[in-house]
Amino acid sequence: MMKGMWGRLGRAGAVYAALGVLWWASVELVYKGVGCEAWPCLYPLVGGQLAITGSVLVVAGYALRATRVAPARNTALLAAGLFVSFRLGYLFVSDWPGWVPHSVVTAAQFGAAGVVAAFTTDRQVRARYRAVALGATAAVVPLVFAWTVLTGTR
């Protein structure tokens, strides 16, 4: 692995961590703005979250390009998919009260998704290492689910 790859991973992680905080705060504002948890509010809530998520994905592509993380589009799309995996895993174990832990965990999830995406889209990384990274990421949800079922922590 080349020395420049570490800078690329760091830049991707920093961009995505910052976007994670922005995404989390925006989704929280939509949730508070809709103001209810009943079924009639589901459509505006999900619509708002989808609009925010799509906007963050577009901004991520431009931010990655601006910070010289190429290929920006592939990295942004892969990071979005990885974030979904991390977020689903987090939904099984999130019992923390307060907004600080949730915002920090969301930033960490976004940052980790950015780092893994930058790693797996780097052409200098061998294909088997990329496959291991993607396989480990894909295993997050089933492993966390199995852990919560077996330990009874949820």
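The values are calculated or read from the model by the stated rules, or taken from the named source; none is laboratory data. From a predicted model like this one, the values you see are computed outputs, not experimental measurements. In this analysis, Cβ positions are derived from the backbone assuming ideal geometry, glycine residues included, and neighbour counts consider all displayed protein chains. Note: accessible area is taken over every heavy atom of the protein model, side chains too, but ligands, DNA and RNA are not part of it. Shrake-Rupley method; radii C 1.70, N 1.55, O 1.52, S 1.80 Å.
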Going through (1) open to solvent by less than 40 Å² (accessible area, probe 1.4 Å); (2) touching a Leu at 6+ places or on another chain (Cβ under 8 Å); (3) more than 19 Å from residue 138 (Cβ to Cβ) one by one, residue 31 fails only at (1)
Every residue from the range 69-82 that is in a helix (DSSP H, G or I), of a type in the set (A, V, I, L, M, F, W, C) and open to solvent by less than 20 Å² (accessible area, probe 1.4 Å):
72, 76, 79, 82
Out of all the residues in the range 100-122, which are without any contact (Cβ under 8 Å) to a residue 40 or more places away in the chain and surrounded by fewer than 21 Cβ atoms within 10 Å (Cβ to Cβ)?
100, 101, 104, 105
On the given criteria, is residue 125 in contact with a helix residue (DSSP H, G or I) (Cβ under 8 Å, 6 or more places away or on another chain) and open to solvent by less than 60 Å² (accessible area, probe 1.4 Å)?
yes
Taking the stated definitions as given, is residue 136 surrounded by 15 or more Cβ atoms within 10 Å (Cβ to Cβ) and either touching a Leu at 6+ places or on another chain (Cβ under 6 Å) or among the hydrophobic types (A, V, I, L, M, F, W, C) (or both)?
no
Of everything in the range 52-68 that's closer than 11 Å to residue 80 by Cα and aliphatic (A, V, I, L, M), which residue is most open to solvent (accessible area, probe 1.4 Å)?
58
May I ask you to list the residues in the range 45-84 that are among the polar types (S, T, N, Q) and under 22 Å from residue 135 (Cα atoms)?
74, 75
Quick one: in the range 15-28, which of the residues that are of a type in the set (A, V, I, L, M) and out of contact with any Gly (no Cβ under 7 Å at 6 or more places or on another chain) is most open to solvent (accessible area, probe 1.4 Å)?
22
I need the full set of residues from the range 83-99 which are modelled with pLDDT under 85 and either in contact with a Phe, Trp or Tyr (Cβ under 7 Å, 6 or more places away or on another chain) or open to solvent by less than 60 Å² (accessible area, probe 1.4 Å) (or both), in order please.
85, 86, 87, 89, 90, 92, 93, 94, 98
Filter the range 1-13 for residues that are aliphatic (A, V, I, L, M) and surrounded by fewer than 16 Cβ atoms within 10 Å (Cβ to Cβ); the one that is nearest to residue 129 (Cα to Cα) is 1
Quick check: is even one residue across the range 41-51 polar (S, T, N, Q) and in a helix (DSSP H, G or I)?
yes
